[in-house]
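Asker: Below is a structure I'd like to ask you about.
The values are calculated or read from the model by the stated rules, or taken from the named source; none is laboratory data. This one's a predicted model, so the numbers in the text were calculated from it and none came from an experiment. Quick reminder, even Gly has a Cβ in these numbers, built from the backbone with ideal geometry, and neighbours come from all protein chains shown. Note: accessible area is taken over every heavy atom of the protein model, side chains too, but ligands, DNA and RNA are not part of it. Shrake-Rupley method; radii C 1.70, N 1.55, O 1.52, S 1.80 Å.
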Amino acid sequence: MAAVRQLFAAAERCVWGSSLFRRSCSSSSVLQQAASSQGESGLSEGAFRVTMIPGDGVGPELMHSVKEVFKAADVPVEFDEYHLSEVQNMASPEKLEQVLSSMQANRVAIKGKIHTPMEYKGELASYEMRLRRKLDLFANVVHVNSLPGYKTRHNNLDLVIIREQTEGEYSSLEHESVSGVIECLKIITRVKSNRIAKFAFDYATKKGRSKVTAVHKANIMKLGDGLFLQCCKEVAELYPKIQYETIIIDNCCMQLVQNPYQFDVLVMPNLYGNIIDNLAAGLVGGAGVVPGESYSAEYAVFETGARHPFAQAVGRNIANPTAMLLTATNMLRHLNLEYHSTLISDAVKKVIKQGKVRTTDMGGYATSLDYTQAVINNLNS
């Protein structure tokens with residue numbers, strides 16, 4: 001147990017020094033950064049510089065909504081925009097390095113989904129995965145929260161999904177051992193399992209949450225998921241005020257559909273988190289309404305909770321900007337721009353509660369531009 005405590009002492013310096021809790025890029029430090037680079041970059045006085053990656057599918061259209069709303073709300077943010085795409089021939093190691101350099105300088109980014117082609121072209125790790133690994137974006141956080149005025153099968157839902165996203169099934173370790181036999185390796189390590197478990201319990205503590213549930217398949221993957229479960233149990237012992245329980249992934253999916261109110265904070269390995277994120281998003285309205293974010297010890301990247309490029313909607317002006325706008329308000333809150341964050345999030349919630357302007361995925365007929373304009377109209381109402 002002493003060794004575990006030493007490990008957590010080191011992890012605490014990492015997590016509590018992370019963007020989520022101590023906010024390594026607090027308003028004062030970022031303002032100083034902006035002021036020091038103003039002469040070189042042409043930044044507006046006192047503006048925050050943020051990296052923007054529109055991504056694929058409807059990502060550029062959603063980012064247009066963000067920029068229009070930010071402009072109308074006079075948000076002091078300047079974007080460094082980079083187009084990184086494997087399907088649009090805008091991806092290369094050089095372009096990736098440019099994006100990484102920008103994110104390392106700004107420490108905060110907002111991004112759309114970078115589509116990952118299924119065809120194997122000699123490289124197993126997608127640019128999306130490489131970006132996460134380079135920045136060590138180990139924790140993905142998706143807050144699944146019902147929107148007032150928009151009725152779904154489950155209303156007044158409020159739960160958090162925390163996903164480890166640097167290893168597991170997404171380790172890009174596959175090979176053909178003999179002809180017709182592919183081995184795909186799932187990597188689970190004690191260090192990263194301890195880290196994500198501690199992140200989840202720290203999050204629950206800071207946010208006043210009462211329970212953490214570890215999601216696993218240790219009954220089948222006794223060593224891999226067994227190690228993850230063991231790490232969660234060891235961390236839970238250090239947080240006696242927070243209730244801890246475990247649940248098998250398949251049962252978790254059923255329970256989420258039947259009675260999602262039993263859950264508070266869920267923590268899980270990579271692939272399970274990807275599945276649960278999308279399932280839970282469907283409970284409150286789908287991919288178009290749920291925000292998300294990813295954290296390392298140094299960086300914060302804000303992206304929608306359910307990551308779909310929605311390629312079939314490109315150019316049709318039908319995408320729902322809600323998730324991306326709420327993601328952007330979380331980014332503003334992270335930058336300590338509380339006034340602008342509240343201003344925009346309240347405007348979004350007013351539009352939804354009024355029910356007059358809704359995109360097709362929410363049962364309406366409004367276009368993306370109609371919805372964006374409605375949010376702008378409600379900024380000062």
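Asker: Can you name the number of the only condition in (1) open to solvent by 20 Å² or more (accessible area, probe 1.4 Å); (2) of a type in the set (A, V, I, L, M); (3) under 14 Å from the mean Cα position of the chain (by Cα) that VAL257 fails?
Answerer: It fails just one condition, (3).
Asker: So, one more: Based on what the data block shows, is ALA214 assigned to a strand (DSSP E or B), in contact (Cβ under 8 Å) with a residue 12 or more places away in the chain, buried (at least 18 other Cβ atoms within 10 Å of the Cβ) and in contact with an Asp or Glu (Cβ under 9 Å, 6 or more places away or on another chain)?
Answerer: yes
Asker: Checking the conditions here, which among LYS111, LYS151, LYS95 is more than 28 Å from LEU266 (Cα to Cα) and either open to solvent by less than 30 Å² (accessible area, probe 1.4 Å) or over 19 Å from the mean Cα position of the chain (by Cα) (or both)?
Answerer: Exactly one residue qualifies, and that residue is LYS95.
Asker: Right, another one. When both residues are 6+ apart or on different chains and their Cβ atoms are under 8 Å apart, which pairs have a first residue that lies in the range 195-209 and is within 10 Å of ALA236 (Cβ to Cβ) and in contact (Cβ under 8 Å) with a residue 60 or more places away in the chain, and a second that is aliphatic (A, V, I, L, M) and not in a helix (DSSP H, G or I)?
Answerer: Listed by first residue and then by second, the contacts come to ALA197/ALA214; ALA197/VAL267; ALA200/ILE162; ALA200/VAL212; ALA200/VAL265; ALA200/VAL267.
Asker: Additional query: Do you know which of the residues in the range 262-286 that are assigned to a helix (DSSP H, G or I) and out of contact with any strand residue (DSSP E or B) (no Cβ under 8 Å at 6 or more places or on another chain) is most open to solvent (accessible area, probe 1.4 Å)?
Answerer: This residue is ILE275.
Asker: Let me ask something else about it. Just checking, how many residues over the range 312-329 are free of Cβ contacts under 8 Å to residues at least 40 places away in the same chain and polar (S, T, N, Q)?
Answerer: Final tally of qualifying residues: 2.
Asker: Output the number of residues of the range 331-381 satisfying the condition of being more than 25 Å from the chain's Cα centre (by Cα) and among the basic types (Lys, Arg).
Answerer: Of the residues in that region, 1 qualify.
Asker: Then there is this: Return only the number of the condition from (1) of a type outside the set (S, T, N, Q); (2) in a strand (DSSP E or B); (3) closer than 17 Å to ILE275 by Cβ that ASP250 does not satisfy.
Answerer: The one condition ASP250 does not meet is (2).
Asker: Mind listing whichever residues of the range 305-343 are in a loop (DSSP other than H, G, I, E, B), open to solvent by 40 Å² or more (accessible area, probe 1.4 Å) and small (Gly, Ala, Ser)?
Answerer: Within the range 305-343, just GLY315 meets the criteria.
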